[in-house]
Amino acid sequence: MRHATEHADFPTAELDTALRGGPFHVALRAAIAARGLPLQRVQHHLSRYGVKVGVTSLSYWQQGARRPQRPESLRAVRALEEILRLPDESLIRLLAEADDRATAGRPAGRSYRSLIEASDVQDRLRAELGGSLDGGLHTLGHHEHVRIGARRELAGREAHHIVRAHRDGVDRFLAVHHGDPGSSPRDMRVRALENCRTGRVHWDQDTGVLVAELLFGTRLRSGDTFLFRYGVDDGTAGVSGEYLNRFDLPGGQYSLQVHFETAALPGRCHRFTQHSAAAPRNGRQELSMTEPHHCVHVVEPRIRPGILGIAWEWE
């Protein structure tokens with residue numbers, strides 16, 4: 001009897017280890033074994049979530065012969081977390097970490113862990129400055145212009161915001177800048193360019209996150225709209241390979257333009273999205289550079305929670 005109990009506990013112990021350290025296929029195999037489900041039953045449960053995945057694909061996933069990558073496959077992985085009673089984003093996180101390892105040679109890439117740490121730091125710095133998640137403002141338009149310098153570094157960016165207050169008394173905005181790995185936020189400069197002035201600036205040296213208070217000089221009433229513009233001079237890190245923005249709340253139009261110096265033009269550029277910092281990247285789309293301006297851009301009609309960015313490869 002004791003032997004049978006130990007045998008029954010083994011899959012659960014293996015699952016705990018696999019969920020902590022991966023890789024994805026080992027964790028998936030351990031989760032299916034721990035729940036005692038044949039692949040046909042897993043497929044049946046997935047169909048109840050409106051997700052169609054073949055038994056052969058499930059078998060390949062748990063063997064490591066293939067990895068879920070398409071949007072439909074990632075939907076299946078999220079459903080599997082519920083079906084197999086796993087922590088939220090536990091399997092998705094392992095996929096994201098596998099993507100990090102696969103692109104380890106990419107310059108200044110943002111790893112899963114760095115995004116999670118930066119997210120936590122942003123929340124802490126916002127709290128230090130007394131800010132809430134949306135600051136009493138809805139975003140109607142958000143337009144960013146990012147500059148990549150002659151040393152291939154993130155030289156800086158400018159942001160133009162169009163907002164509407166949804167409560168009385170709003171008089172400021174908390175701007176977030178996340179420098180590339182190795183950046184020094186204490187050496188960055190925040191510039192208030194239009195309809196605002198710079199207030200308190202807090203930063204975290206380890207993650208390269210800076211949060212700046214932009215003061216409007218007036219108190220908005222609920223329903224009032226406001227336009228303001230600011231910039232951040234960076235240039236404190238090494239070679240840059242991407243720029244991304246994390247959105248916590250839905251909003252209006254977002255545009256991102258990246259401008260490259262003539263002396264530092266990339267070979268290829270593409271847009272990407274992430275459901276969250278723990279999720280793999282998807283929504284990849286190649287971008288053409290406009291001549292003679294050396295710019296690439298994306299325009300999203302409506303902001304959705306998640307991550308949107310542009311990445312590039314140097315020749």
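Annotations for the structure displayed:
Residue by residue, here is whether (1) in a helix (DSSP H, G or I); (2) open to solvent by 40 Å² or more (accessible area, probe 1.4 Å); (3) of a type outside the set (A, V, I, L, M, F, W, C); (4) farther than 11 Å from LEU28 by Cα holds:
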{"position": "VAL42", "(1), (2), (3), (4)": "yes, no, no, yes"}
{"position": "LEU46", "(1), (2), (3), (4)": "yes, no, no, yes"}
{"position": "THR56", "(1), (2), (3), (4)": "yes, yes, yes, yes"}
{"position": "GLN62", "(1), (2), (3), (4)": "yes, no, yes, no"}
{"position": "GLN69", "(1), (2), (3), (4)": "no, yes, yes, yes"}
{"position": "VAL77", "(1), (2), (3), (4)": "yes, no, no, no"}
{"position": "GLU82", "(1), (2), (3), (4)": "yes, yes, yes, yes"}
{"position": "PRO87", "(1), (2), (3), (4)": "no, yes, yes, yes"}
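- Every residue from the stretch 273-285 that is in contact with an Asp or Glu (Cβ under 8 Å, 6 or more places away or on another chain) and over 17 Å from ARG67 (Cβ atoms): SER276
- Members of the stretch 145-180 that are closer than 19 Å to LEU133 by Cα and either out of contact with any strand residue (DSSP E or B) (no Cβ under 9 Å at 6 or more places or on another chain) or part of a loop (DSSP other than H, G, I, E, B) (or both): HIS166, ARG167, ASP168, GLY169
- Subset of the stretch 293-308 (residues that are in contact with a Gly (Cβ under 7 Å, 6 or more places away or on another chain) and either crowded, with 16+ Cβ neighbours inside 10 Å or within 15 Å of GLU242 (Cβ to Cβ) (or both)): ILE303
- Boolean, SER255 is among the hydroxyl-bearing types (Ser, Thr, Tyr), outside any strand (DSSP E or B), more than 28 Å from GLU89 (Cβ to Cβ) and in contact with an Asp or Glu (Cβ under 9 Å, 6 or more places away or on another chain): no
- Taking the criterion of being at positive phi, surrounded by fewer than 16 Cβ atoms within 10 Å (Cβ to Cβ) and not in a strand (DSSP E or B), the residues of the stretch 181-239 that qualify are GLY182, ASN195, GLY223.
The values are calculated or read from the model by the stated rules, or taken from the named source; none is laboratory data. Everything numeric here is computed off the predicted structure, so don't read it as measured data. All Cβ positions, even for glycine, are placed from backbone atoms using ideal geometry, and neighbour counts span all protein chains on display. What goes into the accessible areas is simple: the full protein's heavy atoms, side chains included, and nothing from ligands, DNA or RNA. Shrake-Rupley method; radii C 1.70, N 1.55, O 1.52, S 1.80 Å.
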